[in-house]
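What follows is a set of notes on a single structure, which appears directly below.
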Amino acid sequence: MDAYELLTRNVEEAVTDEEVRDLAAEPEGKRAYVGYEPSGVLHLGHLLTANKLIDLQEAGMEVVVLLADVHAYLNEKGSFEEIRATAEQMKAQFLAYGLEEDQTEFVYGSEFQLEEEYTLDLHHLERETTMNRAQRAMAEIQGDETAKVSHLVYPLMQTLDIEYLDLDLAVGGLDQRKVHMLAREKLPELEYDVRPAIHTPIVADLTSGEGKMSSSEGITISMEDSTEDLEEKVNSAFCPPTRDPEGDLENPVLELFEYHVFPRFDEVVVERPEKYGGDLTYEAYEDLAADLESGELHPADAKGTLAAALDELIAPGRETLRELRS
Ligand code: NAL
């Protein structure tokens, strides 16, 4: 797979495609980052961007994982001490999941975001940005509570971090796109360079095929799930035999194969007794999706295979969590 393909596979959008092509022409040593508000347990939302980081490392890039402790504090995720403790656990789970240790730099936001120069730059950005603009950038991240001043500062700090971490590429879920657009607009006003961004899709809720899967709503899958939990959750997942022709509803089982399983395994084997046609082996997501649609692959068999693959991906992080807690 060439570097451009590694940078853009399973990506919902590249901003801009031309800038990402330029980066892919010489990826060695270039720096990409993802920021995460620390939380104790990684879930599939975190792992979707982590899969992209693994792709970027395969293309030769360095990865910066920002443990965004100050951002989590601004977004009211707990006391500063609680947030710091969960960040350490998060780092251990990312390494267990498969980020390359020698190509990954973990940085706490508080290591640089409380410095004088950063603070003055932040105030500069506050002067350059209307409240309306900052609020719109934050809308998808913040949830439903009333906006506080902290929620306006948040996207401005995220903008500055792209400069301060000396990055060549910003990576995030599609929910980060408005912040990245703000960054592209505002960084030049402070005479800093514009950086390209790539956005991963938001995976549908497991049970309905609507909305997003996250830790807060619907059923999600996380590093805390046992093998039995995974089987149960995957078995109860919405899995229409054909993809919704109107396109409003996603098939979360297929999405999990596409975004979580195929990127991490060279081939996927669906084990079936001989009397049901014997094993099926897939090297590409599209072939599995086509077989599900044609009826060659039964949803129950697809689900069994999916649960086993997710179990294999999650097992090292589950073990890490167990050790951290014992
Ligand atoms: C992502 C987050 C917070 C700060 C960042 C700074 C630089 C780059 C990415 C960052 C977390 C993200 C979220 N906003 O919603 O999880």
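Laid out as a table, the results:
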| item | result |
| --- | --- |
| Single condition LEU114 does not satisfy, out of (1) part of a loop (DSSP other than H, G, I, E, B); (2) under 25 Å from the mean Cα position of the chain (by Cα); (3) over 22 Å from ASP175 (Cα atoms) | (2) |
| The lone exception for LEU7 - which of (1) of a type outside the set (Lys, Arg); (2) crowded, with 22+ Cβ neighbours inside 10 Å; (3) away from the ligand (no atom under 13 Å from the Cβ); (4) within 24 Å of LEU206 (Cβ to Cβ) it fails | (4) |
| Close pairs (7 angstrom Cβ cut-off, 6 or more residues apart or separate chains): touching a residue at least 12 places away in the same chain (Cβ under 8 Å) in the stretch 163-178, near the ligand (Cβ under 8 Å from one of its atoms) and not in a helix (DSSP H, G or I) anywhere | LEU165/TYR33; LEU165/LEU66; LEU167/TYR33; ALA170/TYR33; VAL171/TYR33; VAL171/VAL34; GLY172/VAL34 |
| Failed item, numbered, when LYS212 is tested on (1) at pLDDT 95 or above; (2) within 26 Å of LEU321 (Cα to Cα) | (1) |
| Tally of residues being in a helix (DSSP H, G or I), within 25 Å of GLU101 (Cα to Cα) and among the hydrophobic types (A, V, I, L, M, F, W, C) across the stretch 56-88 | 6 |
| Residue that is surrounded by the most Cβ atoms within 10 Å (Cβ to Cβ) [pool: residues in the stretch 132-151 that are in a helix (DSSP H, G or I) and without any contact (Cβ under 8 Å) to a residue 24 or more places away in the chain] | GLN135 |
| Evaluation of LEU156 against (1) within 9 Å of the ligand (Cβ to nearest atom); (2) crowded, with 19+ Cβ neighbours inside 10 Å; (3) under 27 Å from GLU82 (Cα atoms) (one fails), failing number | (1) |
| Of the criteria (1) farther than 29 Å from LEU6 by Cα; (2) part of a helix (DSSP H, G or I), which one ASP287 fails | (1) |
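The values are calculated or read from the model by the stated rules, or taken from the named source; none is laboratory data. Note that the structure is predicted; figures quoted are calculated from it, not measured. All Cβ positions, even for glycine, are placed from backbone atoms using ideal geometry, and neighbour counts span all protein chains on display.
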